[in-house]
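S.K.: After the structure tokens below, expect a handful of questions from me.
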Amino acid sequence: IKDTLTPERIERLEALGFVWDILAEQWEESFSRLEQFKEREGHCKVPKGYKEDGLGLWVLNQRRQREKLTPERIERLNALGFVWDIMSEQWEEGFTKLQKFKEIEGHCRVPGNYKLSDFSLAKWVYTQRNNKDSLSPERFERLNSLGFSWDPLSEYWEEGFAMLQQFNEHNGHCRIPAGYKTNNFSLGSWVRSQRKNKDSLTPERLERLNSLGFVWGLESD
């Protein structure tokens, strides 16, 4: 209909702020809200359930309809740091946090409920272990290259056993003092735990400890 209107009528309507393309107008309004969200939050990862002005649903629709968006709109969203694949973004964020954790702690055994900058790294690590069989070869390799702990309890046991071997080599016995620590590892607590849990240890672990001359009968370390 616009093409049939006289220039004078078009001009009068536009002077009133008349909207010729309501869908384009709605897109621009939502994009403006996304800009405001980023200014406030520092990112464009709008939660799916975010209901303020329907921004969460709008962001979800942009991801679903990416192939239908114009190059100009894709470029504007990219310039804002729009996240097209939220799952991949979260994985990369978790991996970066794990790298930082290892730089600080020297290992990848993240304690339960550990958070780093409001990111639940412990939960992310648990998810990687739980989904080990479905991880891509590339992600599996990257985690391994970092020294990722797929079985932290077994790794903790092996670390304790290695520390006990070193102590035995240097001192000729396995009578570890109660509060003894080496390389920030509480060997005294580890030894006490082996005595306490003797009945639940595997025959292989019992045999390895016995081969070192492990003392089971001490009442105190």
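The values are calculated or read from the model by the stated rules, or taken from the named source; none is laboratory data. For clarity, every value in this text was computed on a predicted model and none was experimentally measured. Here the Cβ positions follow ideal geometry from the backbone for every residue, glycine too, while neighbour counts run over all protein chains shown. Side chains included, ligands, DNA and RNA excluded: accessible areas come from the protein's heavy atoms. Shrake-Rupley method; radii C 1.70, N 1.55, O 1.52, S 1.80 Å.
S.K.: Return the FRET efficiency for the residue pair V215, N183: r is the Cβ-Cβ distance, R0 is 22 Å, and the value is rounded to the nearest 0.05.
M.R.: 0.50
S.K.: Same structure again: Pairs of Cα atoms under 8 Å, at least six residues apart: use those to get the relative contact order of the chain, whole percent.
M.R.: With pairs under 8 Å counted, the relative contact order is 9 percent.
S.K.: Let me ask something else. Would you mind checking which residues have amide H under 5 Å from T182's amide H? H placed 1.01 Å from N; only 5 or more apart, or other chain.
M.R.: The answer is L187.
S.K.: Sticking with this structure for a sec: When all protein chains stay in place, what accessible area (Å², nearest 10, 1.4 Å probe) is found for T202?
M.R.: Roughly 60 Å² of T202 is accessible to a 1.4 Å probe.
S.K.: Can you tally the net charge around L80? Count Lys and Arg as +1, Asp and Glu as -1, for every other residue whose Cβ sits under 9 Å from the Cβ of L80.
M.R.: +1
S.K.: Taking the Cα centre of segment 106-221 as the origin, how large is its charge dipole in debye, to the nearest 20, when only Lys and Arg (+1) and Asp and Glu (-1) carry charge on their Cβ atoms?
M.R.: 300
S.K.: Take I74, I104 and sort them by solvent-accessible surface of the protein heavy atoms, 1.4 Å probe, largest at the top.
M.R.: Per-residue accessible area, sorted high to low, gives I104, I74.
S.K.: Once amide H atoms are placed 1.01 Å from N in the peptide plane, what residues at a sequence separation of 5 or more from L116, or on another chain, have their amide H within under 5 Å of its amide H?
M.R.: Hits under the 5 Å cutoff: L121.
S.K.: Round to the nearest 10 and give me the degree value, 0 to 90, for the angle of helix 55-64's Cα axis relative to the longest principal axis of the chain.
M.R.: Helix 55-64 sits at roughly 90 degrees to that axis.
S.K.: Oh, and also: Tell me the label-point distance for the pair F140, K51, using the 7 Å Cα-to-Cβ offset, in nm and rounded to one decimal.
M.R.: Roughly 4.3 nm, to one decimal.
S.K.: While we're here: Subtracting the Cα-Cα distance from 0.36 nm times the residue separation, let me have the gained length for K115 to N130 in nm, one decimal.
M.R.: 3.5 nm
S.K.: Enter the accessible area per residue of segment 170-212 (Å², integer; probe 1.4 Å; all protein chains in place).
M.R.: 66
S.K.: Can you work out ³J(HN,Hα) from phi for every residue in segment 168-176, in order, using Karplus 6.51 cos²θ - 1.76 cosθ + 1.60 and θ = phi - 60°, giving whole Hz and x for Gly and Pro?
M.R.: Karplus-based 3J(HN,Hα) across segment 168-176 equals 5, 5, 7, 10, x, 7, 10, 7, 8 Hz.
S.K.: Label points 7 Å out from Cα along the Cβ direction at R205 and T4: separation in nm?
M.R.: It is 8.4 nm.
S.K.: Let me ask something additional. How much accessible surface area, in Å² rounded to 10, belongs to the heavy atoms of K45 with a 1.4 Å probe?
M.R.: K45 exposes around 60 Å² with every protein chain in place.
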